[in-house]
Amino acid sequence: MKVGIAGVGFMGTTHAAGWAATGADLVGLCAETTDEAAGMAQTYRTQVYADYAALLDDVDVIDICTPTHLHYEMVLQAAAAGKHIICEKPLARTVAQAQEMIRACRTAGVKLFVAHVVRFFPEYALAKAQIDQGKIGKPGVVRLTRASYRPKKPSGNWFLDFEKSGGMMLDLMIHDFDYARWISGEVESVFAKNVTSAQPEAVTEYGIAILNHTSGALSHVVGGWAYPPPTFRTAFEIAGDRGLIEWSSDSTAPINLLLRKDSADAPDVGLPGSPVAESPYTMQIKEFYEALINDRTARVSATDGLASVQIALAAIESAQTGKPIALTPLAEVIQ
Amino acid sequence: MKIGIMSFAHHHAEAYIDNVRNVPGVELLGLADEDAARGQHFAQTFHTPYFDSYEALLNARPDAMLVCSENSKHRPLVEMAAAAKVHVLCEKPLATSPADAQAMVEACRQAGVKLMTAFPMRFSTPLLEVKARLDAGDLGQVYCFNATNQGEAPLHLRPWFVDKELAGGGALTDHIVHLADVMRWYLGSEVTDVYAQSNRILYANEIADERVETGGLVMLTFANGVFASIDCSWNKPNYYPTWGGLTFELVTERGAVLVDGFKQNLTVYSHDVRRPLWAYWGSNINQAMIDDFVAAIREERAPRVTGEDGLRAVEIVAAAYESTRTGQPVRVART
């Protein structure tokens, strides 16, 4: 199986490491400029393509790790070329785009996977398994928290461009919107607030969303670009009618470095993670790879990708309007 | 100074009785309870006189009373004390409706007696430390709170807590008021709008009264633009290491402050119980509250938390219930 990666930022690099752990052949990369891709091409002994269409010509599967606003065009182009697709989250910048992307892939007979990597993080996957085994009964109130610092990419910081990224609520909170749905099922309505709606001059962002699930469960989802670098805190608390699961990155960090630093440097974008034998990003790529070669589904579908975009955009609309937003039932959205 | 206790319906009376005895120059007059068996039991347990009626206790000429009845019975007892020109410290929530709370405030004002609401978090040393830093400008402008006041459902402590008629409601009644009061105190700003969702999945099989909610998520908006979520759920199982807790993340222009009001614990593993228990070693907030109540009477000043503060919190709870009925944010009605 021949794979190409579009985009060589954080996610492109991370996915490349994942593909290297599979039987797939990473035949090429493309980026905005060929210079950007050179280092990564050398590491993975692969080609740099100047042109996305040319890369598509040479692959069976394209892995799209570009900024959010580019996903739509690139997925449509790949589907038209008859290539299977792995697309970074969020699937799209709008629900209408996501609908069209899913339709195009269905029509073209190609698979579309969305990289909601949180489902592959061992603590999140284990909590889901524990719930599925009935350990805590029916989830009633779920708290999901994910907060870091403002992305500080030196140039072309698309994360901070709302038109391109959808801001923190679409880019970061979408992880937990997806997880909330995985745990508690479909979402009926969303009410949310965020700092940049309340204080437009604020340079940091923090959002809180209350999700009302069809099952009767409630979810409290928090996201933030609010802390000083390199802080990245994640946590969940899942209360059921027969028990409670608690987890936080703070309280389960197996290593605390108390070392003097020469500089207070931090990555451009914060990434969560505890040291584990296999990176969740690699585990995710492997699962997509297995699904592709065996014609199976993965634990996260394109529909899941659309549903989380729908929730995130409703949260943004709620924060902007001050009103709760009722969601169109997913069955109608994906028709 | 002589202090009596009206009703031992609320288990906090068991702590307050020691707090009263610890204040130099204060005499514990005794207690009265409309449930004679309960009153006699606690009078015996704490070696204090039992009075056959509230009138009999008032005839013994106390200077002040602690009202620790069921929530819905606060009003008649406070009015009775006020009519006898006796100062009152009333358990929270001050009342089960804004009209009752308003009547209590008015009765005490007209009688010229002090009315304090039992909001002991105002006396928490960690919370006071953060308040001092906030007032000193160390934290910068406040953007939002992400707060929890969760606990086990108090049905094993006293069954009336889960009886709508006596308690006024469930988790929303029990656990919104402390944080709403802390936030008003921190910000010096009033709540204008409340959105709330509630459910009864947790403890559903153990709580018969179907009008009593056990899960709740609330979003407050303040006049100064700050927003705040409160998770007031009874989400801890009754074998949790402690009763519950109160936490908040205070997000500001400079980052965030994480506050846990009950973090000052030992974790104790004992052969006697065979599960970890948290033993609290932080400063005694109830003692500090009772000390202030006595000092306010002696110094003829307002207590650090008043009947009006209790009333404002009750108005917020009423708006939260209305929001759960309408599904919309509700403007707080000032009585």
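Please state which one of B:Gly169, B:Gly225 is at the interface with chain A (Cβ under 9 Å from one of its Cβ atoms) and either more than 29 Å from A:Trp225 (Cβ to Cβ) or part of a loop (DSSP other than H, G, I, E, B) (or both).
On the way: B:Gly169 fails: at the interface with chain A (Cβ under 9 Å from one of its Cβ atoms).
When all the criteria are applied, what remains is B:Gly225.
Given the criteria outside the structural domain of B:Ile297 (by TED's automatic domain parsing), modelled with pLDDT of 95 or more, among the basic types (Lys, Arg) and crowded, with 24+ Cβ neighbours inside 10 Å, does B:Lys114 qualify? Taking the combined requirement at face value, the residue does not satisfy it. Which residue is surrounded by the fewest Cβ atoms within 10 Å (Cβ to Cβ), if the candidates are limited to the stretch A:72-125 and must be of a type outside the set (A, V, I, L, M) and in a strand (DSSP E or B)? The extreme case among them is A:His84. Of the helices (runs of 4 or more DSSP H) entirely within the stretch B:32-111, those holding at least 1 residues that are out of contact with any strand residue (DSSP E or B) (no Cβ under 9 Å at 6 or more places or on another chain) and surrounded by fewer than 18 Cβ atoms within 10 Å (Cβ to Cβ) occupy B:36-45, B:74-83, B:98-111.
Checked against the criterion of being outside the structural domain of A:His175 (by TED's automatic domain parsing), over 14 Å from A:Phe113 (Cα atoms), modelled with pLDDT of 95 or more and of a type in the set (Val, Ile, Thr), the stretch A:282-295 has at least one qualifying residue.
Taking the criterion of being closer than 24 Å to B:Ile201 by Cα and either free of Cβ contacts under 8 Å to residues at least 60 places away in the same chain or not aromatic (Phe, Trp, Tyr) (or both), the residues of the stretch A:240-263 that qualify are A:Gly240, A:Asp241, A:Arg242, A:Gly243, A:Leu244, A:Ile245, A:Glu246, A:Ser248. In the stretch B:1-19, the residues that are more than 17 Å from B:Ser53 (Cα to Cα) form Cβ pairs under 9 Å with partners that are of a type in the set (D, E, K, R) and assigned to a helix (DSSP H, G or I), at six or more places apart or across chains, as follows: B:Met1/B:Arg298; B:Asn19/B:Asp291. Among the residues of the stretch B:254-262, are any crowded, with 21+ Cβ neighbours inside 10 Å and not assigned by TED's automatic domain parsing to the domain that holds B:Asp63? So far as the stretch B:254-262 goes, yes, one or more of its residues are crowded, with 21+ Cβ neighbours inside 10 Å and not assigned by TED's automatic domain parsing to the domain that holds B:Asp63.
Could we say that B:Asp309 is in contact (Cβ under 8 Å) with a residue 12 or more places away in the chain, farther than 18 Å from B:Met183 by Cα and acidic (Asp, Glu) here?
Details: in contact (Cβ under 8 Å) with a residue 12 or more places away in the chain: yes; farther than 18 Å from B:Met183 by Cα: no; acidic (Asp, Glu): yes.
In short, no.
When the stretch B:228-244 is filtered for residues that are within 8 Å of another protein chain (Cβ to nearest Cβ), within 13 Å of B:Glu152 (Cα to Cα) and of a type in the set (Gly, Ala, Ser), only B:Ser233 remains.
All of (1) at pLDDT below 95; (2) more than 14 Å from chain B (Cβ to nearest Cβ); (3) in a loop (DSSP other than H, G, I, E, B) hold for A:Gly270 with one exception: (2).
What about A:Thr234, is it surrounded by fewer than 21 Cβ atoms within 10 Å (Cβ to Cβ), in contact with a strand residue (DSSP E or B) (Cβ under 8 Å, 6 or more places away or on another chain) and more than 9 Å from every other protein chain (Cβ to nearest Cβ)? No, not satisfied.
Is at least one residue of the stretch B:205-214 under 20 Å from A:Ile210 (Cβ atoms) and either over 21 Å from the mean Cα position of the chain (by Cα) or within 10 Å of another protein chain (Cβ to nearest Cβ) (or both)? Checked the stretch B:205-214: at least one residue is under 20 Å from A:Ile210 (Cβ atoms) and either over 21 Å from the mean Cα position of the chain (by Cα) or within 10 Å of another protein chain (Cβ to nearest Cβ) (or both).
Kindly state which helices (runs of 4 or more DSSP H) lie completely within the stretch A:137-222 and contain at least 2 residues that are in contact with a strand residue (DSSP E or B) (Cβ under 7 Å, 6 or more places away or on another chain) and facing another protein chain (nearest Cβ under 9 Å). Before the answer, list the steps.
Values: elements: A:162-165, A:167-171, A:173-184, A:195-198.
Result: A:195-198.
The values are calculated or read from the model by the stated rules, or taken from the named source; none is laboratory data. These numbers were taken from a predicted model, which means no experiment stands behind them. In this analysis, Cβ positions are derived from the backbone assuming ideal geometry, glycine residues included, and neighbour counts consider all displayed protein chains.
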